[in-house]
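Participant: One structure coming up, written as structure tokens, with questions to follow.
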Amino acid sequence: EKGGYDWFMRKEIFEQPKAVADTLLGRLGEDGELVLDEVRISTDELRRIDKIIIIACGTASYAGLVAKYAIEHWTRIPCEVELASEFRYRDPIVSPSTLVVAISQSGETADTLMAIRHAQQQKAKVLAICNTNGSTIPREADAVIYTHAGPEIAVASTKGFLTQVVACYLLGLYLAQVHGTKFGDEIKAVLAELEALPGQIQHVLDSTTDQARELAQELVDAPSVLFLGRHVGYPIALEGALKLKELAYIHAEGFAAGELKHGPIALIQDRLPMFVVVPPRGRDMLHDKVVSNIQEVRARGARTIVLAELDDSEPRPYADTLIRLPSVSTLLQPMLAIVPLQVFACELATLKGHDVDQPRNLAKSVTVE
Ligand code: M6R
């Protein structure tokens, strides 16, 4: 059933173009507008939403962190992201005008389930983003958007993550449509970008997989690997580090690049591997700031592995390895940047002789709190 692959994880990584395409399927209307029929919360109720809280665990929470940037940008509705295991224990402020979005691949994660029950007691509306039909979380939620990734067997989430981000983006655009914070043409433009994504993910798989394998060979004995990102690249740094921890059992940490000087830079010593996600060049300062962060860490001896746009030559002088990504807008880049990081973790764990699909101490769905 692994379709000729050595691991389910590898199969699932390579299924991502299709998983993303399937998640988008049927959601774009004839004129390119957004159709989200399954959101069973009325447009009147959605118009009253004045706060969004995303709750999730692990990788799903990083999908939520990526989505926060997009949702706030498009809807102007404040959006918090909270770990499900923390939410319930801090007396959270929720009301009937709060939309709680629970993200869960399995739909069975106990912490997430308990958090949505808590939110419902406070009369919040709960929308689930879930991959497993008929599982507990979507059954208890007021509404659900299914990610159509197909079964995810490997413990490490890959296509689950990508499709969660896509589903959150669809929700964000839908809310922007309902709240009138984005015009139809702007929404259609983002939808067209999302439609192009499966082809671009395929391109990343085709063009970076060998490079990720070679890197894994080179770094197989690294005791620690750091990941840096800014803006939506920050959750990608966290997710890249999580993949490496859970599969390769080595110390890995993701940082917001702007935090370097506030502590983490002290960790850098000779040849410490650091992955850095460089945002696309744009009108804001994001790109240049990250390029100077790479310069800083390189000057202190880090071995830099830089993920940057195809024709972006600026990071080249400071990159020991340059991984090229297709040019897309800032908000779409996470869905491309994560792919080589997934492959890298899978390769490194394989080289170390670990069971990639069933890492030690972990379960696919965590049904205890
Ligand atoms: O099924 P869920 O999406 O609710 O699972 C949440 C986390 O347990 C899960 O993403 C976990 O972090 C993965 N093993 C990460 O690869």
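Taken together, the values in this text are just the output of simple stated rules run on the coordinates, not laboratory data. Nothing here was measured: the structure is a model prediction, and the numbers come from that model. Counting neighbours? That spans all protein chains shown, and the Cβs are built from the backbone with ideal geometry, glycine included.
Participant: Tabulate in residue order the Karplus-calculated ³J(HN,Hα) for the stretch 38-46, using 6.51 cos²θ - 1.76 cosθ + 1.60 with θ = phi - 60°, rounded to whole Hz; enter x for Gly and Pro.
Facilitator: So the Karplus estimates, Gly and Pro as x, are 6, 6, 7, 9, 5, 5, 4, 5, 5 Hz.
Participant: Sticking with this one: Between the stretch 23-50 and the stretch 174-188, how far is it from one alpha carbon centroid to the other, in angstrom?
Facilitator: After rounding, the separation between the Cα centres reads 11 Å.
Participant: Sticking with this one: Among His262, Pro280, Pro235, which residue has its Cα positioned farthest towards the positive end of the charge dipole of the chain, with +1 placed on the Cβ of Lys and Arg, -1 on the Cβ of Asp and Glu, and the dipole taken about the Cα centre?
Facilitator: His262
Participant: How far is helix 159-179 tilted, in degrees, relative to the longest principal axis of the Cα atoms in the chain, given as a value from 0 to 90 rounded to the nearest 10?
Facilitator: 50
Participant: With an 8 Å cut-off on Cα pairs and a minimum separation of 6 or more residues, tell me the relative contact order of the stretch 286-369 in percent. All intermediate terms of the calculation are to be shown ahead of the outcome.
Facilitator: Values: 53 pairs, mean separation 15.2, N = 84.
Worked out over the stretch 286-369, it gives 18 percent.
Participant: Here's something else I'd like to know. Quick one: grab Rg to one decimal and Dmax as a whole number for the stretch 1-72, Cα atoms only, in Å.
Facilitator: 16.7, 50
Participant: Order by neighbour count: Glu314, Glu239, Glu140, fewest other Cβ atoms within 10 Å first, most last.
Facilitator: Working: Glu314 19, Glu239 29, Glu140 16.
Final ranking by Cβ density, sparse to dense: Glu140, Glu314, Glu239.
Participant: Which far-off residues, 5 or more places away or on another chain, put their amide H under 5 Å from the one on Leu228, with H placed in the peptide plane?
Facilitator: Amide H neighbours of Leu228, under 5 Å, 5+ apart: Phe255, Phe275, Val276, Val277.
Participant: How do 43-53, 57-67, 159-169, 261-271 rank on mean C-beta neighbours within 10 Å, highest first? All intermediate terms of the calculation are to be shown ahead of the outcome.
Facilitator: Details: 43-53: 16.2, 57-67: 25.5, 159-169: 28.4, 261-271: 12.5.
Taking the mean over residues of other Cβ atoms within 10 Å, the ranking is 159-169, 57-67, 43-53, 261-271.
Participant: Relative to the longest principal Cα axis of the chain, at what angle does helix 184-219 sit, 0 to 90 degrees, rounded to 10?
Facilitator: 30
Participant: Let me ask something else about it. Treating the angle as unsigned and between 0 and 90°, give the value, to the nearest 10°, between the Cα long axis of helix 110-121 and the longest Cα principal axis of the chain.
Facilitator: 30
Participant: To make sure I understand, if each residue's beta carbon is the centre and we count other beta carbons within 10 Å, what order do Arg281, Arg10, Arg117 fall in, fewest to most? Could you put the intermediate results ahead of the total?
Facilitator: Details: Arg281 17, Arg10 23, Arg117 12.
With the fewest neighbours first, Arg281, Arg10, Arg117 line up as Arg117, Arg281, Arg10.
Participant: Is there a pair in Lys159/Lys352; Lys159/Lys245; Lys51/Lys245 whose C-alpha atoms are over 29 Å apart, and which pairs would that be?
Facilitator: Values: Lys159/Lys352 23 Å; Lys159/Lys245 18 Å; Lys51/Lys245 33 Å.
With Cα atoms farther than 29 Å apart: Lys51/Lys245.
Participant: Here is a further query. Please list 3J(HN,Hα) in residue order for the stretch 247-258, calculated via the Karplus relation 6.51 cos²θ - 1.76 cosθ + 1.60 where θ = phi - 60°; whole Hz, with x for glycine and proline.
Facilitator: Working through the residues one at a time gives 9, 9, 6, 10, 5, 9, 9, x, 10, 6, 4, x Hz.
Participant: Looking at the stretch 209-355, send over the antiparallel percent of its DSSP beta bridges, to the nearest 5.
Facilitator: Details: 0 of 19 bridges.
The answer is about 0 percent antiparallel.
Participant: Taking neighbour counts of Cβ atoms within 10 Å as a proxy for exposure, in what order, fewest first, do Ser313, Ser135, Ser365 appear?
Facilitator: Values: Ser313 9, Ser135 20, Ser365 14.
Ascending Cβ contact count within 10 Å gives the list Ser313, Ser365, Ser135.
Participant: Follow-up. Pull out a ≥ b ≥ c, the square roots of the eigenvalues of the alpha-carbon gyration tensor of the stretch 15-127, then state rounded if a/c is under 1.5, prolate if not and a/b is larger than b/c, and oblate in the remaining case.
Facilitator: Taking the square roots of the gyration eigenvalues as a ≥ b ≥ c, the stretch 15-127 is oblate.
Participant: Can you tell me the convex hull volume per residue for the chain, based on C-alpha atoms, in Å³ to the nearest whole number?
Facilitator: On the way: hull volume 49.4 nm³, N = 369.
Taking the convex hull of the Cα positions in the chain, it is 134 Å³ per residue.
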